[in-house]
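So the structure is just underneath, and the comments pick up after that.
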Ligand SMILES: Nc1ncnc2c1ncn2[C@@H]1O[C@H](COP(=O)(O)OP(=O)(O)O)[C@@H](O)[C@H]1O
Ligand SMILES: [Mg+2]
């Protein structure tokens, strides 16, 4: 039986797809058979970040409508044998996903995978609700700014009232992942601090991912940032997934980087 995890936020552009790709890759790197599903019907972003966009033939909607089999639709990751991508359709509209259809696919995937990571579209409407409905755990991706925190708070409300577990009187396990964190801007008072966000949302902190150029580089190359083990964001995602799996790791990248002597003299 697979564990179903939704990566959600309410707001767009906060780092859900980046996180879904990094999280799924890190789970697979640590030996867990993982599939990552793009619920963002109409946009199709995950396959680009995973670097498999040219291999997409069939998609999630084809699978739901019985136009393709699971074997035909899943794309095996280029680097990891135990990682698969289920791409979204670029041409259909967001309502093409039905409850019954999604449930059937998740049940089928559940038989052979350890983790199912669901990359949610932005918003709190049909597509986002479909992505979170079957989740047992949720990674709430939030940027340290008021609008993002507000939208995350709304999505937490939906998780707690409209998910399948909520309907059964149970709770979805929530994890806060603060992304695009920039300690300098926090220090200048331009962004909320980790403590501010934790206080407002009141859910357990899984990790803090720094604002990092490595993320753009990774997505341009189609290689999820956890493969860049030298990078701050790659290390922060690795920490977060290790914590998720029960390891005790201290939080890093929360303080402003002190410039080294050479950097101060020569710039950079
Ligand atoms: N930690 C980060 N540092 C720098 N840029 C980031 C970071 N996380 C995400 N981004 C960038 O932000 C943009 C939106 O990210 P994406 O993962 O597509 O968000 P969403 O799926 O929530 O819309 C992308 O251009 C991505 O490269
Ligand atoms: Mg996205």
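Nothing in this text is a laboratory measurement; each read-out follows from the coordinates by a stated rule. Predicted, not measured: the structure shown is a model, and the values here were computed from it. Cβ sites come from the backbone with ideal geometry, for glycine too, and all protein chains shown count toward neighbours.
In plain terms, the C-alpha convex hull of the chain casts an average shadow of 14.5 nm² when viewed from every direction. Spacing of the modelled spin labels on residue 265 and residue 95, each 7 Å from Cα toward Cβ, amounts to 6.7 nm. Using the Cβ-Cβ distance between residue 199 and residue 69 with R0 set to 45 Å, the FRET efficiency from 1/(1 + (r/R0)^6) comes to roughly 0.40. Available extension along the chain between residue 126 and residue 245 is 39.8 nm, counting 0.36 nm per residue and deducting the alpha carbon span. Between rounded, prolate and oblate, where does the stretch 172-268 land on the alpha carbon gyration tensor, with a ≥ b ≥ c its root eigenvalues, rounded for a/c under 1.5, else prolate if a/b exceeds b/c? The shape class here is oblate.
Here is how the number arises for the chain: DSSP H runs of 4 or more residues each give -39500 (n - 2.57), the sum is divided by the residue count, and the result at 222 nm is -11000 deg cm²/dmol. Overall form of the stretch 123-233: oblate. Here a/c, set by the Cα gyration tensor axes a ≥ b ≥ c, is 1.5 or more, and a/b is not larger than b/c. Using equal-weight Cα scatterers in the Debye expression, the normalised intensity of the stretch 1-117 in log10 at q = 0.10, 0.14 Å⁻¹ is -0.25, -0.51.
For the pair residue 76 and residue 146, the difference between a 0.36 nm per residue extended length and the Cα-Cα distance amounts to 21.4 nm. If R0 is 45 Å, the Cβ-Cβ spacing of residue 1 and residue 256 corresponds to a FRET efficiency of close to 0.55. I'd like the orientation of helix 146-162 relative to the chain: the angle between its Cα long axis and the longest Cα principal axis, in ° from 0 to 90, rounded to 10. With both axes taken from Cα atoms, the answer is about 30 degrees. For the stretch 71-162, the Cα gyration tensor yields ellipsoid semi-axes of 25, 16, 14 Å (square root of five times each eigenvalue, largest first, whole Å).
Summary of the geometry: the stretch 20-35 and the stretch 215-256, compared by the centres of their Cα atoms, lie 13 Å apart. How far, in degrees from 0 to 90, does helix 232-244 lean away from the longest principal axis of the Cα atoms of the chain, to the nearest 10? So the helix axis and the longest Cα principal axis differ by about 60 degrees.
Report note on the peptides 192-198, 209-215, 117-123: ranked by the mean count of other C-beta atoms within 10 Å, highest first, their order is 117-123, 209-215, 192-198.
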